[in-house]
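> This is the structure I have questions about; it appears just below.
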Amino acid sequence: MKSLTNNLLYFAMLFIFGAIIFRFGLSFFLENGSYNLVWVIAAIYFIFNFMIGWIFGKRDHISLPLFDVGFRFHLVTFILFNGISIAWFLLELNSQKEEIGVVYTTAIIWSFFLVLHFIFYLYAQKQSIKGINKEEIFD
Amino acid sequence: MNTDKELPKLLTAWEETYKKGQLTLWIFLSLKDGKKYVDEIKHFVEEQSNQTMLCESQSLYRNLRKFQHLGVVNYEVGEGNKGPERKYYFLTELGRDLLDSFIKRNINLFFNERIKNLINKEDK
């Protein structure tokens, strides 16, 4: 199955860009005590990710209707977000008010939902041939 | 019941259902006929189906991408006519086997003598 499509790569690139900006803004505002702006940047970050996920997910399906119930995009988001967050701490770019434990806790809770999503993905694969839903192949 | 009025409606409704899924057969037949680029496939399908199968180029591209992913169709890049290079699609061995099997199981039924006679028999 072709998993790494062009649209997924474009999504990943924009996601990395957004995540770096978000982490920078988060650390900067926390360091300066601008807590209200933390909410603002978190909301903007959420909307940005939702939009790029929507746009590239839709384009990806139009290009090749892989029946993965969004799992590939979810997995990439999980790896990149947590990877960037951990790297942020390792590079000591975090503010003094951030704790790496929060990143690990988030990753552990998120892992549970990722595993659930993976189960749905495996179920979808059973109804597919080379990743395309049998019902969509000859529609 | 007014048959003159109902017949076209019923025929259209039946045809709409009947045509679903038929595009694949027409695409495969056009490629069995020889390597073609998208506009040629479109032309073949529309002409050979007496314009009963109309297909958008976008729809053809989407289907061809799926078939290529599944390994039943592939393409080679060839010279365009004064324009950019074109993708010439063709059936792979798997694609040819798939079409032959489909025809044997689903199309050849209509060439059975009894069925042929029934199709050609005119009701009073």
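Only the coordinates and a few stated rules stand behind these numbers; no lab work does. The structure displayed is predicted, hence computed values, not measured ones. Glycine also receives a Cβ, built like all others from the backbone with ideal geometry; neighbour counts cover every protein chain displayed.
> Where does each of B:ARG86, A:ARG59, B:ARG105, A:ARG23 land when they are ranked from fewest to most other beta-carbon atoms within 10 angstrom? Could you put the intermediate results ahead of the total?
On the way: B:ARG86 18, A:ARG59 15, B:ARG105 9, A:ARG23 21.
Least crowded to most crowded, the residues run B:ARG105, A:ARG59, B:ARG86, A:ARG23.
> To continue, here is another question. Kirkwood hydrodynamic radius of segment A:6-137 from all distinct Cα pairs, in Å?
Working: mean 1/r = 0.0614 Å⁻¹.
This gives a value of 16.3 Å.
> In debye to the nearest 20, how big a dipole does segment B:1-58 give about its Cα centre with +1 on each Lys and Arg Cβ and -1 on each Asp and Glu Cβ?
Rounded to the nearest 20 debye, it is 200 debye.
> Turning to a different aspect of this structure: What longest range of chain A stays clear of loop-exposed GluC sites (Glu not before Pro) (DSSP non-H/G/I/E/B, at most 12 other C-beta within 10 angstrom)?
Numbers: sites that count: A:GLU92, A:GLU99.
Result for the longest clean stretch: A:1-91.
> Additional query: Where in segment A:44-85 does the label zone of A:PHE17 land, with the point 7 angstrom along Cα→C-beta and an amide N cut-off under 14 Å?
Correct set: A:48-49, A:51-53, A:56.
> Right, another one. Of the options A:SER128, A:PHE89, A:VAL40, report the single residue whose Cα projects farthest towards the positive end of the charge dipole of segment A:33-139 (beta-carbon charges: Lys, Arg +1; Asp, Glu -1).
It is A:SER128.
> Here is a further query. Determine the gain in length on full extension of the stretch A:PHE50-A:THR105; use 0.36 nm per residue of separation and subtract their C-alpha separation, reporting nm with one decimal. Present the calculation step by step, with values, prior to reporting the outcome.
Numbers: separation 55, 0.36 × 55 = 19.80 nm, distance 2.25 nm.
Full extension of this stretch gives 17.5 nm more.
> Here is a further query. Based on the Cβ-Cβ distance of B:LYS35 and B:ILE103, what FRET efficiency does E = 1/(1 + (r/R0)^6) give at R0 = 25 Å, to the nearest 0.05? It would help to have the intermediate numbers written out before the result.
On the way: r = 20 Å, r/R0 = 0.80.
Once the sixth-power term is evaluated, E becomes 0.80.
> If you don't mind, another one. I need the phi-derived Karplus couplings for segment B:90-100: 6.51 cos²θ - 1.76 cosθ + 1.60, θ = phi - 60°, integer Hz, Gly and Pro marked x.
Values, residue by residue: 8, 7, 7, 4, 4, x, 5, 5, 4, 5, 4 Hz.
> Which distance in Å, rounded to a whole number, links the C-alpha centroids of segment A:63-139 and segment B:1-60?
After rounding, the separation between the Cα centres reads 41 Å.
> On to the next question. Give the share of C-alpha pairs in each 5 angstrom bin for the protein assembly as shown, from 0 to the last occupied bin, in whole percents, shortest bins first.
Computed distribution, short to long bins: 1, 5, 9, 11, 12, 11, 9, 9, 7, 7, 6, 5, 4, 2, 1, 1, 1, 0, 0.
> Put a dot 7 Å past each Cα toward the Cβ at A:SER95 and A:ASN133; how far apart are the dots in nm?
4.4
> What average number of partner chain Cβ atoms lie no more than 10 Å from the Cβ of the residues making up A:130-138?
Details: counts 4, 2, 4, 0, 0, 0, 1, 8, 10.
Per residue, the average neighbour count from other chains is 3.
> I would also like to ask the following. At 7 Å along the Cα-to-beta-carbon direction for both A:LYS126 and A:LEU4, put a label point, then send me their distance in nm to one decimal.
Reported label-point gap for A:LYS126 and A:LEU4 is 3.0 nm.
> So if we plug the beta-carbon distance of A:VAL69 and B:GLN22 into 1/(1 + (r/R0)^6) with R0 = 35 Å, what FRET efficiency do we get, rounded to 0.05? Walk me through the intermediate numbers first.
Working: r = 29 Å, r/R0 = 0.82.
So, using R0 = 35 Å, E works out to roughly 0.75.
> Let me ask another. Show log10 I(q)/I(0) for segment B:3-92 at q = 0.22, 0.24 Å⁻¹, two decimals, from a solvent-free Debye sum over equal Cα scatterers.
Log-scaled intensity ratios, in q order: -1.08, -1.23.
> For chain B, the longest stretch holding no GluC sites (Glu not before Pro) located in a DSSP loop with at most 13 other Cβ atoms within 10 Å is which?
Counting at most 13 other Cβ atoms within 10 Å as exposed, the longest clean stretch of chain B is B:1-55.
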